[in-house]
Amino acid sequence: MGYRTANIISENLYLLASQRTFVVTEPLKQEKAANYGINLTKDFKLFKNKAEFSIDVYRTEFINQVIVDLDHAPETAYFYNLKGKSYSNSYQAQLTFEPFKRLSILLAYRINDAKTTIDSVLVDRLLLNRYKGLVTISYATKFDKWKFDVTSQFNGSARISPQSKMPEIVRKDYERTPQYYIINAQITKKFKKYIDVYLGVENLMNFTQKDPITEPFIPYHTHFDTSMVWGPITGRVFYGGMRFAIK
């Protein structure tokens, strides 16, 4: 059993970049929750090389929680004590293996089942991806002369605040975010012993969130809001650089 005192300002600084009014409807109690979980890890041989498989299952069940209610009204953030159920379940499986020498692959998948009672209805937590996946592939030539790294991250859908309560002019045409992938890649070349030159790309698929800020050009508008940013706001980025060590 764990206890904590919520600080609604420092824990919700992102809401200050909006026109939402903070309303505390009652004296806030300490948060109280029970946490428990299990981890299982198995080492074995795959493709005649070492491999590791792990499963993690964790649950947090709140007896009391300070609720940040962004659903009730688009221009207000309400804070009050939990009235109903609130819990978070996390399930993750991960596999790491080497199909052949100097090639390493990591596969991971997570399911987030987190719900909170808001307005007497048990709903998904805001902006929490229900599913997440990760694939990392790394390869290095002999003596690490060349290194190649590719990372792909899958992000499942997440709930946003109810759009039916927003004025039609700023209303989004979805209630949940779309699924999307983020792919990053990097190539590194080692020169001599202490110098590395690298080139890479972030967000290879050039995926960006459409209209991440509500009323971006009218910061004093009633519905100006930056709190519903759920995805990348910059597109594909190429970069390069050099590292050197002094010994």
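The values are calculated or read from the model by the stated rules, or taken from the named source; none is laboratory data. If you're wondering where the values come from, they're calculated on a predicted model, not measured in any experiment. Cβ: placed from backbone, ideal geometry, glycine included. Neighbour counts: every protein chain shown.
Observations on the model:
- Flag: ILE218 matches the condition of being within 22 Å of LEU70 (Cα to Cα), surrounded by fewer than 16 Cβ atoms within 10 Å (Cβ to Cβ) and not aromatic (Phe, Trp, Tyr).
- Of SER152, SER161, SER157, all but one fail to be crowded, with 16+ Cβ neighbours inside 10 Å, hydroxyl-bearing (Ser, Thr, Tyr) and farther than 27 Å from VAL57 by Cα; the exception is SER161.
Residue-by-condition table, conditions (1) touching a Gly at 6+ places or on another chain (Cβ under 6 Å); (2) small (Gly, Ala, Ser); (3) modelled with pLDDT of 85 or more; (4) within 20 Å of ILE183 (Cα to Cα):
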site	(1), (2), (3), (4)
LEU204	no, no, yes, yes
PHE217	no, no, no, no
PHE238	no, no, yes, yes
MET242	no, no, yes, no
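- Any hit, region 24-39, residues being modelled with pLDDT of 95 or more, among the β-branched types (Val, Ile, Thr) and surrounded by 17 or more Cβ atoms within 10 Å (Cβ to Cβ): no
- Qualifying residue in region 171-184 (condition: over 25 Å from the mean Cα position of the chain (by Cα), loosely packed, with under 14 Cβ neighbours inside 10 Å, in a loop (DSSP other than H, G, I, E, B) and free of Cβ contacts under 8 Å to residues at least 24 places away in the same chain): no
- Of the listed requirements (1) assigned to a loop (DSSP other than H, G, I, E, B); (2) free of Cβ contacts under 8 Å to residues at least 40 places away in the same chain, THR222 misses just one: (2).
- For region 133-152, the criterion of being more than 30 Å from VAL197 (Cβ to Cβ), part of a strand (DSSP E or B) and among the aromatic types (Phe, Trp, Tyr) is met by no residue.
- Strands (runs of 3 or more DSSP E) fully within region 65-131 counting 3 or more residues that are buried (at least 16 other Cβ atoms within 10 Å of the Cβ) and at pLDDT 95 or above: 66-69, 76-81, 86-100, 103-118
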